């Protein structure tokens with residue numbers, strides 16, 4: 001009788017663990033909208049070079065409009081940051 005009770009108790013514990021593991025996780029309450037950010041780093045050319053940098057820059061601008069992202073532009077040759085709509089910048093030291 002004790003063996004049956006132990007087996008039954010073990011089965012119930014195992015079933016409850018499996019059911020708890022398979023249940024959906026509790027969702028956190030959103031506190032604020034997260035704004036995504038994109039940063040473009042150029043080399044010696046600028047964003048109007050009619051080549052890769054210009055295509056990438058146009059994509060960055062399209063992402064700003066389409067997804068509401070903020071963007072920054074870092075020109076590696078001048079180490080200058082041109083801010084678009086962001087309050088944070090792409091740091092040259094972080095690159």
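The values are calculated or read from the model by the stated rules, or taken from the named source; none is laboratory data. Just so you know, these numbers come straight off a predicted model, no measurement behind them. Cβ sites come from the backbone with ideal geometry, for glycine too, and all protein chains shown count toward neighbours.
List of remarks:
- Selection status of residue 89, part of a loop (DSSP other than H, G, I, E, B), modelled with pLDDT under 75 and more than 18 Å from the chain's Cα centre (by Cα): no
- Pair list, Cβ < 7 Å and 6+ apart or interchain, from the stretch 44-66 residues that are without any contact (Cβ under 8 Å) to a residue 40 or more places away in the chain to residues that are part of a helix (DSSP H, G or I): 45/53; 46/53; 47/53; 47/54; 47/57; 48/54
- When residues of the stretch 43-57 are limited to those that are over 18 Å from residue 69 (Cβ atoms) and surrounded by 14 or more Cβ atoms within 10 Å (Cβ to Cβ), the one modelled with the highest pLDDT: 54
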